[in-house]
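Below: the structure, in structure tokens.
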Amino acid sequence: MPRHDQTIALVTGAAHGIGRAIARHLSREGASVAVIDLDAEGVAETARLVQDEGGRAFATGADITDMDVLTAAIDACEAALGPITLLVNNAAFTDAGNLAGIGLESWHREIDVNLNGTYHCLRAVLPRMQARGGGAVVNISSVNAVRYFGNPAYSAAKAGLINLTQSVASEYGRHGIRCNAVLPGSVRTDNITWTIRQQKDPQIFQKLARWYPMGRVAEPEDIAKAVSFLGSDEAGYITGVSLPVDGGLLAGMNVMISEFILE
Ligand SMILES: NC(=O)c1ccc[n+]([C@@H]2O[C@H](COP(=O)([O-])OP(=O)(O)OC[C@H]3O[C@@H](n4cnc5c(N)ncnc54)[C@H](O)[C@@H]3O)[C@@H](O)[C@H]2O)c1
């Protein structure tokens with residue numbers, strides 16, 4: 001029996017990259033997938049890709065920073081596919097690389113999308129899951145939540161997601177709701193940040209690979225597989241966890257070590 005044949009998943013920020021990969025992966029494992037994004041055309045294309053593979057999908061454009069718009073979008077998703085059993089908070093935004101250079105407007109926008117927007121999704125979906133007796137949530141955080149890798153406002157918001165994950169796990173466990181976070185390292189996507197970095201250096205992903213014990217950056221499917229596991233019954237006793245999916249980046253500092261262990 002497919003792992004997710006009873007799952008109705010809502011994936012935010014699924015117009016591109018990792019969110020699209022999560023939606024397609026969950027669908028291949030049997031889930032119906034509702035996809036929400038600011039980019040209505042992109043998310044409609046994600047739904048088409050899922051449907052072309054024989055899956056069940058519903059797409060709608062929505063801004064997760066607007067609680068009313070988001071609630072209406074979630075109502076539409078549930079009317080189309082049924083009650084959401086798995087929420088994947090994936091939508092995110094960053095454009096400010098360092099603390100000295102960040103403008104006030106960028107700071108507020110990044111906190112608003114990455115932390116407040118995720119809270120809005122939880123606020124909309126948790127009472128529905130509670131009323132129905134359970135569900136699962138996976139928050140997409142980042143290795144930036146636990147070390148400095150640039151993008152400070154985004155990183156502060158992603159750190160907030162780790163604590164928010166623990167709040168949900170602690171308060172809602174007794175309602176049959178699990179909540180975990182995934183912390184990706186560098187993932188080969190065409191998001192705005194990586195597009196700009198690749199324009200500066202077309203070899204950027206190959207160069208970054210030496211920092212990763214696994215010898216490569218992640219593909220979006222690497223993240224999708226972890227989300228699928230944490231969102232499934234196989235992870236039925238796992239909650240409140242923040243799982244790095246980073247090819248070992250946080251495990252050690254190989255590039256530094258190669259400076260003093262000359263082998
Ligand atoms: N790509 C990486 O290297 C990497 C590394 C660590 C963590 N992550 C995390 O993985 C997730 C996906 O990243 P990605 O690389 O696929 O990025 P992406 O930019 O391609 O996807 C993010 C999506 O969120 C949407 N979005 C932004 N603001 C929104 C809003 N207010 N309302 C609704 N949708 C909104 C965007 O339109 C976009 O489609 C994010 O949470 C990101 O922080 C990515």
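The figures follow:
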read-out: Where the Cα pairs of the stretch 100-150 fall when distances are cut into 10 Å bins, in %; value: 19, 39, 27, 12, 2
read-out: Cα-based Kirkwood hydrodynamic radius, the stretch 62-123, one decimal, Å; value: 12.9
read-out: Portion, in percent, of the accessible area of the stretch 89-155 that falls on carbon or sulfur, probe 1.4 Å; value: 55
read-out: Shape box of the stretch 115-263 [Cα atoms, principal axes, largest first, Å]; value: 57, 32, 24
read-out: Cα→Cβ-extended label distance, 7 Å offset, between Arg174 and Ile196, nm; value: 4.6
read-out: Computed over the stretch 1-137, Cα set: Rg, Dmax in Å; value: 15.2, 53
read-out: Glu53-Asp95 pseudo-label distance in nm [points 7 Å out on the Cα-to-Cβ vector]; value: 3.1
read-out: Spin-label model distance (nm) - Glu221 vs Met256, 7 Å beyond Cα toward Cβ; value: 3.4
read-out: Centre separation in Å (Cα based) which lies between the stretch 8-70 and the stretch 89-158; value: 18
read-out: Over the chain - Rg/Rh using Cα atoms and the Kirkwood inverse-distance radius; value: 0.97
read-out: Amide H contacts under 5 Å for Gly13, placed H, 5+ residues apart; value: Ile36, Asp37, Leu38, Ala91
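The values are calculated or read from the model by the stated rules, or taken from the named source; none is laboratory data. Please read all numbers here as calculations on a predicted model, not as lab measurements. When we count neighbours, we look across all protein chains shown, and the Cβ atoms used for this are built from the backbone with ideal geometry, even at glycine. Side chains are part of the model used for accessible areas, which takes the heavy atoms of the whole protein and leaves out ligands, DNA and RNA. Shrake-Rupley method; radii C 1.70, N 1.55, O 1.52, S 1.80 Å.
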